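The block underneath contains the structure these notes are about, expressed in structure tokens.
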Amino acid sequence: MIFGFDNANLMLQQVDKRAIIPILKSGGAQIADECIFKTPLFIDNPKGSYKNLKIGKHVSIGANTYFDLMDEIIIGDYTGVGPGVSFLTHWHVGDVPMKKLFPYKTEKIVIEANCFIGINSTILYGTKLEEFTLIASQTLVNGQYKTGSLVAGNPAEITNKLSEKVIAKLVSKK
């Protein structure tokens, strides 16, 4: 990263969307083919690299997405991320007395293939979405959701499930 991590992060907020993938890859991100990123993009990692970002093929990332890369964020193939989504891999209240009650915690986020995350949702550390999970807009996601779950709310709840028949049709159309 020729300009340094902080400058690269500023560039991610201002550059043409075609420059995002080369910037991320230069900082260690693993990004497969045919991905689309909209700007601006916001990334935080005091460790100064993008190596905790792993994105599969044909993934679309909406504008104003926030990635906290203190731990891994893994996004599977054919997944869509709406605008304004936040991925938070850690919890830290700072160096204050309250840290005794809420100690520092970090955990990766795993989004398997063929998922969709709606606009302005927040994905918290330790979340795992299995294939074909759909997250409604403005949902606070924390936990693990099985294949085909339709999830909405704050806190997130499973509101419906895709049937095996529907999932089989989706898989056959690739």
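Annotations
- Considering (1) surrounded by fewer than 16 Cβ atoms within 10 Å (Cβ to Cβ); (2) modelled with pLDDT of 95 or more; (3) more than 13 Å from the chain's Cα centre (by Cα); (4) of a type outside the set (A, V, I, L, M), the lone condition that residue 95 does not fulfil carries the number (2).
- Among the residues of this structure, residue 41 does not count as one that is modelled with pLDDT of 95 or more, buried (at least 16 other Cβ atoms within 10 Å of the Cβ) and over 22 Å from residue 132 (Cβ atoms).
- The set of residues in segment 34-63 being β-branched (Val, Ile, Thr) and not in a loop (DSSP other than H, G, I, E, B) consists of 36, 43, 55, 61.
- No other residue among 135, 111, 61 is in contact with a Leu (Cβ under 8 Å, 6 or more places away or on another chain), without any contact (Cβ under 8 Å) to a residue 24 or more places away in the chain, buried (at least 17 other Cβ atoms within 10 Å of the Cβ) and farther than 17 Å from residue 5 by Cβ apart from 135.
- Scanning segment 102-137 for residues that are hydroxyl-bearing (Ser, Thr, Tyr) and either in contact with an Asp or Glu (Cβ under 7 Å, 6 or more places away or on another chain) or modelled with pLDDT under 95 (or both) returns 104, 106, 125.
- Residue within segment 155-164 that is surrounded by fewer than 16 Cβ atoms within 10 Å (Cβ to Cβ) and out of contact with any strand residue (DSSP E or B) (no Cβ under 9 Å at 6 or more places or on another chain) present: yes
- Within segment 7-26, the set of residues being over 21 Å from residue 84 (Cα atoms) and more than 17 Å from the chain's Cα centre (by Cα) comprises 7, 22, 26.
The values are calculated or read from the model by the stated rules, or taken from the named source; none is laboratory data. All of these numbers come straight from a predicted model, not from anything done at the bench. No Cβ is skipped: glycine too gets one built from the backbone with ideal geometry, and neighbour counts run over all protein chains shown.
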